[in-house]
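*Asks:* First, the structure itself, so that you have it in front of you.
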Amino acid sequence: MNEPGGPRPVYEAGTEWLRGDGDAADVVMSSRARLARNLAGFPFVSRATREQRQRVLDLCRSRLLAGGFGGPGAQVMWVDLAESPTIERTLLVERHLMSQQHSRGKQSSGSGGAEEPRGLAVALPDERLSVMVNEEDHLRLQCIRSGLALEAVWAEIDALDDSLEQGLEYAYSPRWGYLTGCPTNVGSGARFSVMLHLPALRMIGNIEKVKRAAADMSLAVRGFYGEGSDAAGDFYQISNQTTLGKPEQVLLDNLQREILPKVIEYERMARKTLIDKRRLQLEDQVCRAVGLLGAARLLTTEESMQLLSQLRLGVVTGIISDVEPKVVNQLMLLAQPAHLQRVIGREMDQEHRRAARAELIRSRLSRDGNGRVPKG
Amino acid sequence: MKCDQCEQEATVHEVTIKSGKKVEKHLCEACAKKQGIAVQAGMPIQELLNKYVLAQAGTTPAKAAACPSCSLAYTEFRQHGLLGCPDCYKAFEGLLGPLLERAHEGATHHVGKSPRRAGRGGEAGAESITGGPKERAERLSILQKQLDQAVRAEQYEKAAKLRDEIRREAESAPPPAAKARRRKEPEA
């Protein structure tokens, strides 16, 4: 990493998407846009020789660092992934700054490995914008923000795309648009997604309905860490599946106006139903989760995510009043293995991590811990 | 409807015909999982693509085709779902067309953003990048269809966005004397 010690600890850094605010933040954790781009004159990543990949990496890195991005005051951090230790790479995956595939350096075909020439550029301090170089495509641009903010993330990524193009020539065809390694991304190369917290819909057993409604509209539903991950802690990511034949603004609009308002409303209605008709059960569930978080001596990542999800439900429904949403979001990130080890300051095996995770959460949420809003 | 096994709402419905007899199952998600019935809202697109490509495999005479630029064989694309280089789109156009149409809900052409350099005019000019009048007419017709649909569905904000897009597309036509403009303009 360029910066000594890598990214600052999460609770000090102003990571945008963890803030827990913005439109519809009670249900929408974050909004994201990504663009897939490739350079003209080079094979796609999976077909390129190592030398070609290195050349693409050099070209993109100098463009990214020369142009800068992220607005006034932002600083671009460049991470050479072939040189980064596993824990640093995992940390970046946990922060939603890159994919697991990029961390491993493996192609979908199974070839490649950790030493493949590839990189990541991140705009500090709020990590809103980031660019993966040599993942499945030469460039994958991403913008992520707290709450429902699809128009804003599109505007930013669109501008970043324009600025990068001033020094790079993209592969483009009049018929197919921006050309991508996988033809499922061809056309606009644009993927819009939102991370939704839907604990009440799950509790009343209506998640499958949401999934079906989304599938009917060609939207994909995935888990907390994207493709192939499960819905840890009742977080679901919804995104457009098709990228060809519709202007970016329409892809965005389909997600934003046709399905999201309904899902948000269903989740709010489900919460209201729980509060009106099953208040005691809801309180019981939330308070049990709080009890476990405050007392457990061993916690797995998965269990902490489930319990923190319940706590978040308690916070947004007002059952728990002395914990801020942002604290819950931060704990969800700190519960992840690489973050936990970063906070503790040493590498640990799974058993020790479970103990450290329980202790960290317990202390943060204790009466005098810094995760509680002071009374009075 | 209640689940056959418990008191939960049934969300998984399976109808099988066994030796001419219809067997219906109505289960909640948990019970369906217990019985090993896959609860999947939609098939991942990659899987769908692969299945489709595989289904096409035996029937297409051009399956031995290879890209002249990167020498990727069409059969290799079928295995991994990844193309080798930008020229593969041209080399396999006939095979990819129907495949992409299916994967992208009937779409046959890109509409929307185009590279900034297309608007710069001068040496390369927009034509070589975004195509000629024929391609432009195609894009305009696609956008017009989407606009009509949006208006019929009373999706006025989407319609407004499509109108903007149509205006930009129409304005990008190069009247010989006029200065080429960028496709994108600041929002009003």
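*Asks:* Can you pull out the residues in region B:134-162 that are out of contact with any His (no Cβ under 9 Å at 6 or more places or on another chain) and crowded, with 16+ Cβ neighbours inside 10 Å?
*Replies:* Passing the criteria: B:R136, B:L140, B:L143, B:Q146, B:L147, B:A150, B:Q155, B:K158, B:A159, B:K161, B:L162.
*Asks:* With the requirement that a residue be at pLDDT below 90 and assigned to a loop (DSSP other than H, G, I, E, B), what does region A:347-376 give you?
*Replies:* A:S366, A:R367, A:D368, A:G369, A:N370, A:G371, A:V373, A:P374, A:K375, A:G376, listed by residue number.
*Asks:* What are the residue pairs meeting all of these: first residue in region B:160-171, first residue without any contact (Cβ under 8 Å) to a residue 12 or more places away in the chain, second residue part of a helix (DSSP H, G or I), Cβ atoms under 6 Å, and 6 or more apart or on different chains?
*Replies:* That search, which allows pairs on different chains as well, returns B:K161/A:Q249.
*Asks:* Looking only at helices (runs of 4 or more DSSP H) that fall completely inside region B:1-92, which ones have 3 or more residues that are under 19 Å from the mean Cα position of the chain (by Cα) and either exposed (fewer than 15 other Cβ atoms within 10 Å of the Cβ) or at pLDDT below 85 (or both)?
*Replies:* Where helices (runs of 4 or more DSSP H) fall fully within region B:1-92 and carry at least 3 residues being under 19 Å from the mean Cα position of the chain (by Cα) and either exposed (fewer than 15 other Cβ atoms within 10 Å of the Cβ) or at pLDDT below 85 (or both), they are B:45-57.
*Asks:* Here is a further query. Going residue by residue through region A:108-123, is there one that turns out to be surrounded by fewer than 19 Cβ atoms within 10 Å (Cβ to Cβ), closer than 19 Å to A:R342 by Cα, assigned by TED's automatic domain parsing to the domain that holds A:F192 and not aromatic (F, W, Y)?
*Replies:* So far as region A:108-123 goes, no, none of its residues is surrounded by fewer than 19 Cβ atoms within 10 Å (Cβ to Cβ), closer than 19 Å to A:R342 by Cα, assigned by TED's automatic domain parsing to the domain that holds A:F192 and not aromatic (F, W, Y).
*Asks:* Which of the numbered conditions does A:A190 fail, given that it passes all the others? Conditions: (1) within 23 Å of the chain's Cα centre (by Cα); (2) more than 10 Å from chain B (Cβ to nearest Cβ); (3) among the hydrophobic types (A, V, I, L, M, F, W, C).
*Replies:* Evaluating A:A190 over (1) within 23 Å of the chain's Cα centre (by Cα); (2) more than 10 Å from chain B (Cβ to nearest Cβ); (3) among the hydrophobic types (A, V, I, L, M, F, W, C) leaves (2) as the failure.
*Asks:* In region A:172-255, which helices (runs of 4 or more DSSP H) lie fully inside it and hold 1 or more residues that are of a type in the set (A, V, I, L, M) and surrounded by fewer than 20 Cβ atoms within 10 Å (Cβ to Cβ)?
*Replies:* Result: A:207-216.
*Asks:* Suppose we keep only residues that are of a type in the set (D, E) and more than 7 Å from every other protein chain (Cβ to nearest Cβ) within region B:90-119. Which one would you say is farthest from A:T180 (Cα to Cα)?
*Replies:* Out of the qualifying residues, it is B:E101.
For every residue, the table says whether it meets (1) modelled with pLDDT of 95 or more; (2) within 29 Å of A:V328 (Cα to Cα).
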| site | (1), (2) |
| --- | --- |
| A:A121 | yes, yes |
| A:G177 | yes, no |
| A:L196 | no, yes |
| A:G205 | no, yes |
| A:K211 | no, yes |
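*Asks:* Related question: Keeping to region A:121-135, report how many residues are assigned to a strand (DSSP E or B) and out of contact with any His (no Cβ under 6 Å at 6 or more places or on another chain).
*Replies:* 8
*Asks:* All but one of (1) in the same structural domain as A:L196 (by TED's automatic domain parsing); (2) under 22 Å from the mean Cα position of the chain (by Cα); (3) not β-branched (V, I, T) hold for A:E302, so report the exception by its number.
*Replies:* The one condition A:E302 does not meet is (1).
*Asks:* Looking only at region A:136-156, count every residue that is within 12 Å of chain B (Cβ to nearest Cβ) and either assigned to a strand (DSSP E or B) or surrounded by fewer than 24 Cβ atoms within 10 Å (Cβ to Cβ) (or both) and tell me the total.
*Replies:* 4
*Asks:* Take A:G294 and tell me if it is of a type in the set (G, A, S) and within 14 Å of chain B (Cβ to nearest Cβ).
*Replies:* no
*Asks:* Also: Determine the pairs where a residue that is closer than 15 Å to B:P115 by Cα and within 10 Å of another protein chain (Cβ to nearest Cβ), located within region B:129-149, has a partner that is of a type in the set (K, R) and assigned to a helix (DSSP H, G or I) with Cβ atoms under 7 Å apart, the partner being 6 or more residues away or on another chain.
*Replies:* Within 7 Å, the pairs are B:I129/B:R117.
*Asks:* Ok, one more. Would you say A:L65 is within 25 Å of A:A190 (Cβ to Cβ), in contact (Cβ under 8 Å) with a residue 60 or more places away in the chain, of a type in the set (A, V, I, L, M) and in the same structural domain as A:V263 (by TED's automatic domain parsing)?
*Replies:* It is false that A:L65 is within 25 Å of A:A190 (Cβ to Cβ), in contact (Cβ under 8 Å) with a residue 60 or more places away in the chain, of a type in the set (A, V, I, L, M) and in the same structural domain as A:V263 (by TED's automatic domain parsing).
Quick grid of which residues meet (1) surrounded by 20 or more Cβ atoms within 10 Å (Cβ to Cβ); (2) touching a residue at least 24 places away in the same chain (Cβ under 8 Å); (3) within 18 Å of A:D21 (Cα to Cα):
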{"site": "A:R271", "(1), (2), (3)": "yes, yes, no"}
{"site": "A:R278", "(1), (2), (3)": "no, no, no"}
{"site": "A:D284", "(1), (2), (3)": "no, no, no"}
{"site": "A:G294", "(1), (2), (3)": "no, yes, no"}
{"site": "A:L299", "(1), (2), (3)": "yes, yes, no"}
{"site": "A:S309", "(1), (2), (3)": "yes, yes, yes"}
{"site": "A:D322", "(1), (2), (3)": "no, yes, yes"}
{"site": "A:N329", "(1), (2), (3)": "yes, yes, yes"}
{"site": "A:M332", "(1), (2), (3)": "yes, yes, yes"}
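*Asks:* Does A:E258 satisfy the condition of being in a helix (DSSP H, G or I), within 26 Å of A:L308 (Cβ to Cβ) and touching a residue at least 40 places away in the same chain (Cβ under 8 Å)?
*Replies:* no
*Asks:* Moving to a separate point now. Taking region A:297-350 as the region of interest, how many residues are charged (D, E, K, R) and under 19 Å from A:T15 (Cα atoms)?
*Replies:* 4
*Asks:* Within region A:64-109, how many residues turn out to be in contact with a His (Cβ under 9 Å, 6 or more places away or on another chain), in a loop (DSSP other than H, G, I, E, B) and modelled with pLDDT of 90 or more?
*Replies:* Going through region A:64-109 one residue at a time, the tally reaches 1.
The values are calculated or read from the model by the stated rules, or taken from the named source; none is laboratory data. Since the structure is predicted, the reported quantities are computational estimates derived from the model, not experimental observations. Counting neighbours? That spans all protein chains shown, and the Cβs are built from the backbone with ideal geometry, glycine included.
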